[in-house]
Amino acid sequence: MSTEKGPDHSRRKERSRQAILAATRALVAEEAYEKVTIEAIATRAGVGKQTIYRRWPSKSAIVFAAVLALSEDADGQSITLPDTGDLQADLKLVMRATAEEFADPAFDRLIRALNTEISNDAALAVEYREKLARPLEEAKKARLRSAQKAGQLDANADLDLVLDVLYAPLFQRWLHRSGPLTAAYADSLVDVTLKAFAP
């Protein structure tokens, strides 16, 4: 009997987790981050506060988990970059999607909230780096290495620098709200980067 209840309990826990993360994303998108409380998240998710506190110690930890969940596919696996053999097309697809994501008001508020927490919480910054930033960077580098092997990118290029040239201008424009995050802008970043690191 206990073995039959195990899977149901696990499914309930996962449903609660997903409800909490979805509620967090929705509330941060709707309200000023400072006004979002654990109580409000619990109410929106339809769970008790203790259900949240058993899994996450703080609001910042929940926000990070809500962002981290966005980087997983339906099977819970980390995302990978497309590799069609055409580096320019693949990067433009990824950069357009990135620009569109950062231009989305709901995502914008969620990421700004996370960046605020990271700037004030060294432990969270380390967790962000280990669980999200580094795996994403490795996925990007794997695609760039494939391009190097195919002769589409300078074989001696510093891949950290390639990613800086590709992504940093978009992030700075988003951070300072200094210009629109359009598909054309995303394409221009890809073109400049590939020209700079051509084989």
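The values are calculated or read from the model by the stated rules, or taken from the named source; none is laboratory data. Computed from a predicted model, the values in this text were never measured in an experiment. A quick note on method: Cβ atoms are made from the backbone with ideal geometry, for glycine too, and the neighbour counts reach across all protein chains shown. These area figures cover heavy atoms from the full protein model, side chains too; ligands, DNA and RNA do not enter into them. Shrake-Rupley method; radii C 1.70, N 1.55, O 1.52, S 1.80 Å.
A few notes on this one:
- Among residues of the range 156-193 being part of a loop (DSSP other than H, G, I, E, B) and without any contact (Cβ under 8 Å) to a residue 12 or more places away in the chain, the one that is nearest to L93 (Cα to Cα) is G179.
- The sole residue among G85, G76 that is on the phi > 0 side of the Ramachandran plot and modelled with pLDDT under 90 is G76.
- Which listed residue, of A113, A99, A184, A103, is among the hydrophobic types (A, V, I, L, M, F, W, C) and farther than 30 Å from A22 by Cβ: A184
- Listed by position, the helices (runs of 4 or more DSSP H) contained in the range 18-107 that have at least 3 residues being acidic (D, E) are 87-103.
- Pairing residues of the range 103-119 that are closer than 18 Å to G179 by Cβ with residues that are open to solvent by 50 Å² or more (accessible area, probe 1.4 Å), at Cβ distances under 7 Å and at least 6 apart in sequence or on separate chains, gives F107/E101.
- Criterion applied to N115, N120 was being open to solvent by 80 Å² or more (accessible area, probe 1.4 Å) and in contact with a helix residue (DSSP H, G or I) (Cβ under 9 Å, 6 or more places away or on another chain), and the one residue passing it is N120.
- Any hit, the range 140-149, residues being surrounded by fewer than 18 Cβ atoms within 10 Å (Cβ to Cβ), free of Cβ contacts under 8 Å to residues at least 12 places away in the same chain, part of a helix (DSSP H, G or I) and not β-branched (V, I, T): yes
- Positions within the range 77-103 being small (G, A, S) and either open to solvent by less than 40 Å² (accessible area, probe 1.4 Å) or more than 13 Å from the chain's Cα centre (by Cα) (or both), in sequence order: G85, A89, A99, A103
- Meets criteria (out of contact with any strand residue (DSSP E or B) (no Cβ under 7 Å at 6 or more places or on another chain), within 30 Å of E34 (Cα to Cα), open to solvent by less than 70 Å² (accessible area, probe 1.4 Å) and at pLDDT 95 or above) for A106: no
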